[in-house]
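One structure is given here, and the rest of the page talks about it.
The values are calculated or read from the model by the stated rules, or taken from the named source; none is laboratory data. Just so we're clear, the structure is a prediction, and the values are computed from it rather than from any experiment. All Cβ positions, glycine included, derive from the backbone under ideal geometry; neighbour counts span all protein chains shown.
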Amino acid sequence: MTTARELFEALRLGAIDLTHRIVHAPTTRLRAETDESPSAMMIEYYRQRASKGGLQITESAHPSQDSRGYLGAPGIYTQAHVDAWRKITDAVHAKGSQIVMQIAHCGRHSHVSLSGGRAPIAPSVVPFETQVLTQDGWMPNSPHRAIELWEIPVLVESFRIAAVRAKEAGFDGVELHNANGYLVDTFLQDGTNKRTDAYGGSLENRARFSLEILEAMISVWGPGRVGVRVSPSGQWGNISDSNPEATFGYFAARLNEYELAYLHIIEPRIKGAEVSQRPVAVATLRNIFRGPIIENDYLAFPFAN
């Protein structure tokens, strides 16, 4: 059982040193300006939540205009974005805290009005319905198309450039959003990846896109300042896999090759408030992944270490 002493013991996440083990997880707030730059309200939001020796992970920032899935989501693909994020990192650092930027492509969870008229993308066309926040309110998502093979290196490069911009903005690291049914997650799981090329089919092929992006981000930051977020057995975004234990077990084992800062796991919960039984995700993956693990979602005190 975790004690208060353990929760407030120092911890090293790769190259990131913390004085306690409570991390502020990414939380979507949709408060960016119309040009997708972080707003003054966002500066205050992160400043208020900064604690000495602690770590915050930002809400997801998208690496290109056509990768956002919500009106009000912040970007990290222009100099204006960099300059605005710098005000946030300065405010957080002034309180002795550290901050990591989560980078995400929303994939099929989007609308043409958010992406300059371009259709949302996914590894394959699989029926999918959700609601997306647009300038005209909540709307059904636009039909998505399958990504062409030649587009994949372009997408990988967009994450690398976003990682460069995050460094320019003063962040202490970056997190790859490989969860919640967004683009990278849809490549990994076989319910949404029906490709027959080098990016579909086998576990190795389905993990390829994630690992190529991860390596691009590591090329900028080094492995000790890069984390990965996953949501095994999660159903957000109508995501599914025929064998999540095998898929995420393989993926976690591959992540051991990089000596990452951490693996961030969103726990699957059958009932939102039920925390009496240890879920499978962390209990399984902590026996595979050898680095630090951040556990997220409805944690009771005994499970908070």
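Scanning the range 123-140 for residues that are under 18 Å from Ala73 (Cβ atoms) and either buried (at least 20 other Cβ atoms within 10 Å of the Cβ) or of a type in the set (A, V, I, L, M, F, W, C) (or both) gives Val132, Leu133, Trp138, Met139. Across the range 15-38, which residue is farthest from Thr89 (Cα to Cα) among those that are crowded, with 19+ Cβ neighbours inside 10 Å and of a type outside the set (A, V, I, L, M)? The residue in question is Arg21.
From the list Ala207, Ala169, the one residue that fits, being of a type in the set (Gly, Ala, Ser), within 19 Å of Gly227 (Cα to Cα) and under 17 Å from the mean Cα position of the chain (by Cα), is Ala207. Residue check: Ala80 meets all listed conditions (1) touching a residue at least 60 places away in the same chain (Cβ under 8 Å); (2) assigned to a helix (DSSP H, G or I); (3) of a type in the set (A, V, I, L, M, F, W, C) but one, namely (1).
Within the range 234-271, the set of residues being assigned to a loop (DSSP other than H, G, I, E, B) and surrounded by 21 or more Cβ atoms within 10 Å (Cβ to Cβ) comprises Gly234, Gly237, Ile239, Leu260, Ala261, Glu267.
Residue check: Val112 meets all listed conditions (1) among the β-branched types (Val, Ile, Thr); (2) at pLDDT 95 or above; (3) farther than 19 Å from Leu55 by Cα but one, namely (2).
Out of all the residues in the range 135-153, is one or more closer than 30 Å to Ala91 by Cβ and more than 21 Å from the chain's Cα centre (by Cα)? Among the residues of the range 135-153, at least one is closer than 30 Å to Ala91 by Cβ and more than 21 Å from the chain's Cα centre (by Cα), which makes the answer yes. Does Asn205 satisfy being touching a Gly at 6+ places or on another chain (Cβ under 6 Å) and surrounded by fewer than 24 Cβ atoms within 10 Å (Cβ to Cβ)? Judged against the criteria, Asn205 is not a match. Within the range 196-210, residues that are within 11 Å of Leu149 (Cα to Cα) sit with their Cβ atoms under 7 Å from residues that are among the polar types (S, T, N, Q) and assigned to a helix (DSSP H, G or I), at 6+ positions apart or across chains, in these pairs: Ala198/Asn205; Tyr199/Asn205.
Quick grid of which residues meet (1) of a type in the set (Val, Ile, Thr); (2) at pLDDT 95 or above:
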{"position": "Asn205", "(1), (2)": "no, yes"}
{"position": "Arg208", "(1), (2)": "no, yes"}
{"position": "Met217", "(1), (2)": "no, yes"}
{"position": "Gly222", "(1), (2)": "no, yes"}
{"position": "Arg225", "(1), (2)": "no, yes"}
{"position": "Gln235", "(1), (2)": "no, no"}
{"position": "Ile239", "(1), (2)": "yes, no"}
{"position": "Tyr262", "(1), (2)": "no, yes"}
{"position": "Ala273", "(1), (2)": "no, no"}
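Of the candidates Val100, Val92, Val125, the single residue that is of a type in the set (Val, Ile, Thr), assigned to a loop (DSSP other than H, G, I, E, B) and at pLDDT 95 or above is Val125. When the test is whether a residue is touching a helix residue (DSSP H, G or I) at 6+ places or on another chain (Cβ under 6 Å), on the phi < 0 side of the Ramachandran plot and surrounded by fewer than 16 Cβ atoms within 10 Å (Cβ to Cβ), Arg118 passes it.
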